[in-house]
1. Before we move on, is residue 64 touching a Gly at 6+ places or on another chain (Cβ under 8 Å) and under 26 Å from residue 40 (Cα atoms)?
2. State all residues of the range 1-35 that are in a strand (DSSP E or B), of a type in the set (Lys, Arg) and within 18 Å of residue 108 (Cβ to Cβ); if no residue qualifies, say none.
3. Looking only at the range 212-225, which residues are touching a residue at least 40 places away in the same chain (Cβ under 8 Å) and either touching a Cys at 6+ places or on another chain (Cβ under 6 Å) or part of a loop (DSSP other than H, G, I, E, B) (or both)?
4. State all residues of the range 56-111 that are aliphatic (A, V, I, L, M), within 21 Å of residue 187 (Cβ to Cβ) and modelled with pLDDT of 95 or more; if no residue qualifies, say none.
5. Test of understanding: among 135, 170, which residue is at pLDDT 90 or above, of a type in the set (Gly, Ala, Ser), loosely packed, with under 13 Cβ neighbours inside 10 Å and over 30 Å from residue 274 (Cβ atoms)?
6. Considering only residues that are in a strand (DSSP E or B) and not hydrophobic (A, V, I, L, M, F, W, C), look in the range 256-284 and name the one that is farthest from residue 76 (Cα to Cα).
7. I'd like the full set of residues that are more than 19 Å from the chain's Cα centre (by Cα), buried (at least 18 other Cβ atoms within 10 Å of the Cβ) and assigned to a strand (DSSP E or B), limited to the range 173-211.
8. I'd like to verify a number: residues in the range 243-255 that are in a loop (DSSP other than H, G, I, E, B) and surrounded by 16 or more Cβ atoms within 10 Å (Cβ to Cβ), how many?
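The values are calculated or read from the model by the stated rules, or taken from the named source; none is laboratory data. Note that the coordinates shown come from a computational prediction; the quantities given were computed from them, not determined experimentally. Cβ placement follows ideal geometry from the backbone for every residue including glycine, while neighbour counts extend to all protein chains displayed.
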Amino acid sequence: MPRVLIRKNPTAFKTLPLLVEASPEGLRYQSLGRPLNFSEMLERRRPVAVEDPNRFNIELANLGVSVRLTLRWQGQEYWILVRQQRQDRGDVVLKLISGYVPAHELSLPLLTAIQEVAEECLMETPEGWLAGRFGDTWLPAPYQGSLRYREAVHFNLASLSGSARPVQCGQMTLMERPRAYVHLPTASLQLVYDMRLELPKETRELSLFHVDERLDDGKLVAALSRSRPDLYLVPLLQGRPTAALFTLRKGQPVAASTRGLWLSESFASQDEWVVREERISWRDWIKTNALAASG
């Protein structure tokens with residue numbers, strides 16, 4: 001039985017539509033118009049098109065962030081993926097930790113990204129749950145009322161090397177240089193941050209769980225299900241993903257099936273600043289990456 005951790009009012013969320021200008025030299029976004037609530041934003045996430053994927057001006061529904069998170073556990077590096085049932089698109093995919101950027105953080109999308117890690121990626125040890133820091137910034141402990149977080153130790157988030165092409169919010173360049181793409185099927189701009197998660201040295205018997213919010217009777221409900229951890233690990237070999245998939249329970253990787261598995265659009269091919277696909281099959285993604293690795 002899933003354990004409800006928190007309930008929120010979805011009408012409290014506000015985001016802003018965007019005007020995006022892309023060129024071979026970089027991409028710039030800025031707010032456009034009035035704030036939108038969650039329903040209004042979803043209504044605007046309709047397919048759009050561009051003639052030249054390297055140079056365009058376009059109005060988009062929202063800004064989203066994702067985190068490609070690398071974890072080292074017992075000498076092996078992994079990417080962390082989460083399972084999500086996407087109600088607006090009617091599918092189930094594995095995706096990066098991600099979320100919508102609220103209006104007040106439009107110029108600080110990194111803040112949204114690290115908050116998403118705290119909300120979506122829960123780490124349990126026998127002594128309690130781990131909170132985290134990014135540099136000098138403590139991540140929120142969003143479920144402190146329901147879970148017991150450890151006080152003496154915490155995990156650390158750190159940025160890895162970013163994209164070669166700069167992204168600007170207005171005149172301000174985003175220093176962490178996230179990868180950016182415009183997702184044409186949903187009229188959204190997505191920023192992908194590359195980060196590493198460093199565990200405290202004394203961590204043992206680690207279990208990983210994903211917590212996602214779902215609309216239930218007009219409320220956004222975050223629930224924890226121990227029977228379905230929904231947080232997955234893809235082992236890396238020399239920095240490249242392999243064809244295996246695991247969950248982590250009490251320190252032990254448990255093999256997960258990849259049969260019929262789909263990944264979100266952030267794993268699909270990117271044409272300059274544009275991603276056209278809704279999703280990509282695990283089989284096709286692994287095949288493409290294996291070809292890239294052998295090339």
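1. On the way: touching a Gly at 6+ places or on another chain (Cβ under 8 Å): yes; under 26 Å from residue 40 (Cα atoms): yes.
Spelling it out, residue 64 is indeed touching a Gly at 6+ places or on another chain (Cβ under 8 Å) and under 26 Å from residue 40 (Cα atoms).
2. Initial filter on the range 1-35 (in a strand (DSSP E or B)): 3-8, 15, 18-23, 26-31.
Cutting the leftovers down to of a type in the set (Lys, Arg) gives us 3, 7-8, 28.
Hit for the range 1-35 is 28, nothing else.
3. 218, 225
4. Initially, the range 56-111 is screened for residues aliphatic (A, V, I, L, M), giving 58, 60-61, 63, 65, 67, 69, 71, 80-82, 92-94, 96-97, 101, 103, 106, 108, 110-111.
Filter once more, so that each one left must be within 21 Å of residue 187 (Cβ to Cβ): 58, 60-61, 63, 65, 93, 96, 101, 103, 106.
Selection gives 58, 60, 61, 63, 65, 96, 101, 103, 106.
5. On the way: 170 fails: over 30 Å from residue 274 (Cβ atoms).
When all the criteria are applied, what remains is 135.
6. Pass one, the range 256-284, residues in a strand (DSSP E or B): 262-264, 271, 274-275, 279-281.
In the following step, the residues that additionally are not hydrophobic (A, V, I, L, M, F, W, C) were identified as 264, 271, 279, 281.
Working: 264: 24, 271: 32, 279: 27, 281: 25 Å.
Of everything passing the filter in the range 256-284, 271 is farthest from residue 76 (Cα to Cα).
7. Hit for the range 173-211 is 207, nothing else.
8. So the first thing to find is which residues in the range 243-255 are in a loop (DSSP other than H, G, I, E, B), and the list is 243-245, 250-251.
Next cut, surrounded by 16 or more Cβ atoms within 10 Å (Cβ to Cβ) only: 245.
Number satisfying all stated conditions: 1.
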